[in-house]
Amino acid sequence: MTDIRTWDDFLSACENCRACPLAETRDRVVVWRGSIQAPLMFIGEGPGAEEDRRGLPFVGAAGRLLDSALEALGLTEDLIHIANIVKCRPPGNRVPAEEEAKACRPLLAAQFRFVRPRVIVLLGATAYKYFTGQKDGITKVRGQWIEKGGYAILPTLHPAYILRNGREKPHLWEDLAAARAKLEELGLAPPLEENAPSPSGG
């Protein structure tokens, strides 16, 4: 990855990557959405069918749920960068294999150098496992800050999990609000307006 000097170099490296078998079954490489450089970075598991079709992360039902919370919290596009552990869809939306996550790691590391986030939200168990190397259950560690390497890292539930388990929705909303508060604490986002709607919709 030493030849990646610009964002276009990075995107080209992603498009041309053949480091794992996922390259053979993908339709589109799914790299990012949001702002190239952003104080808050979200990392999910991997692309689903809609993401693979459109080439953007979190644009299906789970993405719409995430977007509704981000909008309510005043987390505008200039403040966020959304990515995944792997950039190609695992067949059948299965969990990415360890070898696939490892193969994609150099690209994620290069992405970090451009994004330069201060706060990182790990969406779901797979992102937590492959990003931190830890194997604790996501329900055990969600909402607990990890301070490492100058980053504030917050594991939380994946929006797709919330779609299947609606009673857990307040936990995701609570964690996203905590990430918003951390940005304010670091002076990286303006205070949320007092009359802003609740991300939970009520």
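A short reminder: the numbers here are calculations on the coordinates, not readings from a lab. Remember, predicted model here, so these are calculated numbers, not experimental data. Please note: Cβ atoms are built from the backbone with ideal geometry, for glycine as well, and neighbour counts cover all protein chains shown.
Details
- The antiparallel fraction among DSSP beta bridges confined to the chain stands at about 25%.
- Highest mean first, the peptides 116-125, 52-61 sorted by other C-beta atoms within 10 Å per residue fall in the order 116-125, 52-61.
- A dipole drawn for the chain from +1 and -1 charges on Cβ atoms has a positive end, and of 104, 39, 66 the residue lying farthest that way is 104.
- Couplings 3J(HN,Hα) for the stretch 25-36, derived from phi with the Karplus relation 6.51 cos²θ - 1.76 cosθ + 1.60 (θ = phi - 60°), are 10, 6, 8, 10, 7, 10, 9, 6, 8, x, 10, 4 Hz, where x marks Gly and Pro.
- Counting only DSSP beta bridges whose two residues both lie in the stretch 99-202, roughly 40 percent are antiparallel.
- Within the straight-line cut-off of under 19 Å between alpha carbons, the aspartates and glutamates reachable from residue 169 are 45, 67, 71, sequence neighbours fewer than 8 places apart in one chain being disregarded.
- Across the stretch 85-97, computed HN-Hα scalar couplings (Karplus, 6.51 cos²θ - 1.76 cosθ + 1.60, θ = phi - 60°) run 4, 10, 9, 10, 6, x, x, x, 6, 5, 5, x, 6 Hz from first to last residue, x flagging Gly and Pro.
- Packing order of peptides 161-168, 77-84, highest average first: 77-84, 161-168 (average count of other Cβ atoms within 10 Å over each peptide's residues).
- To the nearest ten degrees, helix 98-115 and the longest principal axis of the Cα atoms of the chain are 60 degrees apart.
- Considering only alpha-carbon pairs that sit under 8 angstrom and 6 or more positions apart, the relative contact order computed for the stretch 7-185 is 25 percent.
- Over the chain, dividing the summed -39,500 (n - 2.57) contributions of all DSSP H runs of at least 4 residues by the number of residues returns a 222 nm mean residue ellipticity of -12000 deg cm²/dmol.
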